[in-house]
Each structure stands twice: as structure tokens, then as C-alpha cells.
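The values are calculated or read from the model by the stated rules, or taken from the named source; none is laboratory data. Remember, it's a predicted structure, so these values are computed and weren't measured experimentally. Note that we place each Cβ from the backbone using ideal geometry, even for glycine, and neighbour counts take in every protein chain shown.
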Amino acid sequence: MARQTFFSFHYERDVWRAGQVRNCNLLPSEDQHGFIDSVDWESIKRQGDDAIKRWIAQQLNYTTVTVALIGAETAGRPWVQHEIVQSWNRGNGLVGVRIHNIKDQHQATDVAGMNPFEMFELPDGTLLSSVCKIYDWVLDAGRDNLGKWCEEAVGLRAEYGSSSTLTRANGVGKAEKLNFIPRITASAPFTPRSPWCPDDIEGGR
């Protein structure tokens, strides 16, 4: 049975490439979380940051693994950072998949971005990037291996206790505790609208 999976990505720049991963039919649509069209995202944004946090928490509630789809600017996106922290803190496996080599609607690839896991550390000071693995969707045959990567990520997370929470790495010897949002229960899983709209928006994920 496929795992319930949350996908974290930079909406504005990488929505097309993320869509290619989503449309590979590797997971049933009901097992995919984190996708949203521009109309619904704008509606949530208008309600403020707390509404966005609630939506993320509701999406994560159904999942056991989070896939960070890494593009050129993903690591610097505040909501992606939030999703990584919340994913780890609730016990999700975490794996990064580089998507910059996927061609966009103009048949162009992008530049590789920073590993977002380098921005966080465990209580003992271990960088998250030394724990969570990164793969490339194109070079590492993501279509064939995503399920295996997710299982591997869940196994790696299980090696750390539930009390293992992330802090933001702020340089040598400095760390800032990040906000933790507990799991909340929603009445039904989110179902992305079809067709999924790839329109760019300002100030998004």
C-alpha cells in the first residue's frame, strides 16, 4: 500500500515541475497531500498566516513521509521551511528530491538550489542534511524509485525518538527553536482541484 505523502515545494517557481512528479501516477491522488491550485491558495492566504499553518497541519495529518521537491530557490521559502520542521517534529520521514533537471513548459531546465536540510539541526547539533537523503528526479530515476526513497526516509526517521525536534542552524554554536504546531484532525483529506492550475502567484509557497 502506498504511503500517505506530503509534497513540499516552491509554488511560484516550481509548480510546473512539481506537477510532473504529481502526474507520474506513482501515488493515488488520495495519498498525495500539499498540492493546491492558485485559487484555493489565494483564498487561504487572505485569511492570514494562521490559516496557512492550519492548512499545512491538516495536510500533514494524514501523512507518514514528506518529500521536499527542491528547485533553485526552495530552501529560502518560509513555508517550505515551516513544512520541513513540522514534518520532522511530528515524526514524518523526510527525503529531498531535486527537480531542477525536469523540463518546464518551455522545455527549459533550472539551476540547482541549496539543500534546505542544511538549514536545520537536531538537538545534538547534527545537521539534518547529514540524516535526510537527497536524490535527483531525473538523474536518479525518480519515477522508478520514489517509493523506495520514501520507505528509506521513514526508516531513517524511526531511528530518532519522538522528542527529537529541529532547531534552525544560525551559525556555529547558535540555534533558534522553531515553532511547533501539534497534529490536528480534519474531517476529510484534501482533494486537489482538477485541472490543477499552474498560474504564478505573489508571496506564495
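Observations
The rows are residues; the columns are (1) out of contact with any strand residue (DSSP E or B) (no Cβ under 9 Å at 6 or more places or on another chain); (2) surrounded by 24 or more Cβ atoms within 10 Å (Cβ to Cβ); (3) over 17 Å from TRP16 (Cβ atoms).
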{"site": "LEU69", "(1), (2), (3)": "no, yes, no"}
{"site": "ALA72", "(1), (2), (3)": "yes, no, no"}
{"site": "PRO78", "(1), (2), (3)": "yes, no, yes"}
{"site": "GLY96", "(1), (2), (3)": "no, yes, yes"}
{"site": "LYS103", "(1), (2), (3)": "yes, no, no"}
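Let's see how each residue does on (1) modelled with pLDDT under 95; (2) of a type in the set (Val, Ile, Thr); (3) over 19 Å from the mean Cα position of the chain (by Cα):
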position	(1), (2), (3)
ASP104	yes, no, yes
ASP110	no, no, no
VAL131	no, yes, no
ARG157	no, no, no
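- The set of residues in the stretch 42-52 that are touching a residue at least 40 places away in the same chain (Cβ under 8 Å) and touching a helix residue (DSSP H, G or I) at 6+ places or on another chain (Cβ under 7 Å) contains only LYS45.
- Within the set ALA75, ALA57, ALA112, the sole residue that is touching a residue at least 24 places away in the same chain (Cβ under 8 Å) and under 18 Å from ARG168 (Cα atoms) turns out to be ALA75.
- Subset tally (residues that are crowded, with 18+ Cβ neighbours inside 10 Å and in a loop (DSSP other than H, G, I, E, B)) for the stretch 107-121: 3
- Of the residues making up the stretch 1-54, those that are within 30 Å of ASP144 (Cα to Cα), at pLDDT 80 or above and small (Gly, Ala, Ser) are SER8, ALA18, GLY19.
- Count - residues of the stretch 80-92 that are outside any helix (DSSP H, G or I) and under 22 Å from GLN20 (Cα atoms): 0
- Hey, TRP79 at pLDDT below 95 and closer than 22 Å to GLU12 by Cβ or not: yes
- Residue in the stretch 44-59 that is polar (S, T, N, Q), part of a loop (DSSP other than H, G, I, E, B) and within 26 Å of ALA158 (Cα to Cα) present: no
- Checking the stated criteria, ASP144 turns out not to satisfy the condition of being part of a loop (DSSP other than H, G, I, E, B) and more than 14 Å from the chain's Cα centre (by Cα).
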